[in-house]
Every structure is written in C-alpha cells, then in structure tokens.
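Worksheet for the structure shown next.
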Amino acid sequence: MKILGISGSPKKEGFTNLLLNEALDGARAGGAGTDKIILNDLDFKPCQACGGCDETGVCVLSDDMRAVYEKLEHADGFIIASPIYFGTVTAQLKAMIDRCQSLWVKKYILKKGMARPKSRKGIFICVAGKDNREYFESAKKIINIFFVTLDVEYAGELFVCGTNKMTNNSKKLKDALLKSYELGLSLDKI
Ligand SMILES: Cc1cc2nc3c(=O)[nH]c(=O)nc-3n(C[C@H](O)[C@H](O)[C@H](O)COP(=O)(O)O)c2cc1C
C-alpha cells in the first residue's frame with residue numbers, strides 16, 4: 001500500500017511538515033510505503049483554463065504537475081497537510097488542486113475512472129496561527145471537493161489552531177504529533 005503525503009506549506013520546519021512527517025511515520029509503522037510531495041519545491045503553473053484537457057482528461061501543460069498526476073492517480077491513500085493562509089489552504093495547495101481540473105473532466109465529462117479503481121481514503125491535517133477553528137471549515141470544503149474528484153473517502157482530520165503561540169516543546173504540540181501519528185497509522189485499516 002502506498003500513502004502519498006502532500007504538503008502545502010512553504011516552511012520545511014513548520015508545524016504542517018512536522019505533523020505530516022509524523023502521520024507518514026505512523027503510516028509506515030502500519031506497514032504502508034510512503035511518498036511525500038512538498039508542493040513549494042515544484043515548478044508548476046496554476047490552471048490556465050485553456051480547455052486543453054476537455055477532450056482527453058489530460059492536462060496539456062508540461063511542468064512538474066506531470067509527475068504529481070501520476071502519483072495522485074495511483075496512490076492507495078492520501079495525507080494532505082496545509083496551513084491556513086488568509087482563511088483557507090495555501091496557494092501552493094490550491095494551485096495543485098485547480099490543476100486537477102483535468103481529472104475532474106476525466107471523471108465527470110468523459111466518465112472515465114481513476115487509474116486506481118479501488119476505494120481509497122484520505123486524511124487532512126491543517127494548522128492555523130490564531131486560536132480560531134472557524135478557518136478550518138473553508139479549507140475542509142476544498143479538500144472534500146478534491147477528494148471526491150479523486151474518488152477518495154474523507155476518512156479523518158487533524159486541525160490544530162493557535163500555532164502562533166505554540167512552541168516546539170508545548171504539550172499541545174506533543175499531543176498533536178501523537179494524534180497525527182495515530183491518524184497515519186489508521187490508514188492501514190483501509
Ligand atoms: C500568508 C499567511 C497568511 C496567514 N493567514 C492566516 C489566517 O488567515 N488565519 C490564521 O489563523 N493564521 C494565518 N496564518 C498563520 C499560519 O496559519 C500559521 O503560522 C501556521 O502555523 C503556518 O504553518 P507552518 O507552521 O507549517 O508554517 C497565516 C500565515 C501566513 C504566512
């Protein structure tokens with residue numbers, strides 16, 4: 001089983017990546033193989049709405065998303081992680097999701113399934129600086145639409161707010177890391 005972790009955070013040492021790494025550790029402890037994409041390291045354009053995928057369900061842009069599509073279609077499970085930026089997921093993650101318009105066309109217009117037809121599950125990890133959980137709702141809606149398009153069941157979530165006042169030694173972070181590990185581990189029960 002291959003679990004794909006996707007980070008929408010540009011900060012490699014930030015809370016998003018700390019939690020994602022822990023969840024991937026959990027997934028590996030459950031026997032899964034893991035792969036991780038840090039979107040900020042990739043070079044790709046946002047969707048150009050060119051209609052180039054309308055007839056084929058394949059994006060015509062030639063950039064780093066090519067390899068991402070391959071992984072999105074074949075992964076057995078997903079762990080998507082993002083900070084809240086201005087009330088929702090980061091631009092990096094939203095740009096990747098928008099580029100999945102070609103997969104949306106493939107599914108809903110061309111009525112073709114994903115390359116991997118069996119059911120698969122995904123979890124969403126999200127962090128916010130302020131102590132306000134409302135931000136997570138808009139982010140969750142986006143991830144839900146993304147998961148439905150990819151035939152992925154929304155199987156779990158970890159939302160951690162108040163990172164502005166959180167230190168690397170805080171109990172809140174330690175608790176969150178443990179929960180993240182357990183979430184990753186739970187993916188083996190697919
Ligand atoms: C551009 C930008 C926008 C942000 N917008 C919000 C926001 O709307 N609400 C919030 O609670 N925190 C906001 N934050 C704070 C981040 O969510 C917080 O610092 C988070 O821990 C960043 O993730 P990281 O630790 O993985 O880098 C913002 C931070 C940045 C850089």
For a protection proxy built on the mean count of beta-carbon atoms within 10 angstrom, sort 14-22, 65-73 highest first, please. 14-22, 65-73
Could you grab the relative contact order for segment 2-189? Cα pairs under 8 Å, six or more apart, rounded to a whole percent. 30
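Net charge near Ser138: determine it from the other residues with C-beta under 15 Å of the C-beta of Ser138, scoring Lys and Arg +1 and Asp and Glu -1.
+2
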How much length is gained on full extension from Lys2 to Asn169, taking 0.36 nm per residue of separation minus their Cα-Cα distance? 57.0 nm
Amide H within-cut-off set for Lys112, under 5 Å, with H built and near neighbours excluded: Lys107
Can you list the residues, at least 5 places off or on another chain, whose amide H is less than 5 Å from the amide H of Arg120, using H built in the peptide plane? Glu153
Strictly over 28 Å apart at the Cα level, which of Lys12/Lys118; Lys12/Lys121; Lys71/Lys171; Lys11/Lys112 would you flag in this model? Lys12/Lys118; Lys71/Lys171; Lys11/Lys112
Stretched out fully, how many nm does the piece from Cys50 to Ile145 gain, at 0.36 nm a residue minus the Cα gap? 32.1 nm
Carbon and sulfur: what percent of the chain's accessible surface (1.4 Å probe)? 53
When the Karplus curve 6.51 cos²θ - 1.76 cosθ + 1.60 is applied with θ = phi - 60°, which whole-Hz ³J(HN,Hα) does each residue of segment 41-51 get, with x for Gly and Pro? 7, 8, 10, 8, 8, x, 3, 9, 6, 7, x
Over the chain, with neighbouring protein chains present, the accessible area per residue in Å² at probe 1.4 Å is 50
Go ahead and estimate [θ] at 222 nm for the chain from helices alone: -39,500 (n - 2.57) per DSSP H run with n ≥ 4, summed, over the residue count, rounded to 500. -11000 deg cm²/dmol
Name the long-range amide H neighbours of Cys47: under 5 Å, sequence gap of 5 or more, or other chain; modelled H, no Pro or chain starts. Arg99
If you count the DSSP beta bridges with both ends in segment 2-189, what percent of them are antiparallel, to the nearest 5? 5
Please list, in order along segment 68-83, the HN-Hα scalar couplings obtained from phi with the Karplus expression 6.51 cos²θ - 1.76 cosθ + 1.60 (θ = phi - 60°), rounded to whole Hz, x for Gly and Pro. 5, 4, 4, 5, 5, 6, 9, 5, 8, x, 10, 10, 9, 10, 8, x
Sort 98-104, 55-61 by the packing proxy (mean of other Cβ within 10 Å over each peptide's residues), most packed first. 98-104, 55-61
Order of 34-46, 1-13 by packing, highest average Cβ count within 10 Å first? 1-13, 34-46
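The values are calculated or read from the model by the stated rules, or taken from the named source; none is laboratory data. All of these numbers come straight from a predicted model, not from anything done at the bench. Using ideal geometry, Cβ is built from the backbone for each residue, glycine included, and neighbour counts are taken over all protein chains shown. Surface areas here come from the heavy atoms of the whole protein model, side chains and all, with no ligands, DNA or RNA. Shrake-Rupley method; radii C 1.70, N 1.55, O 1.52, S 1.80 Å.
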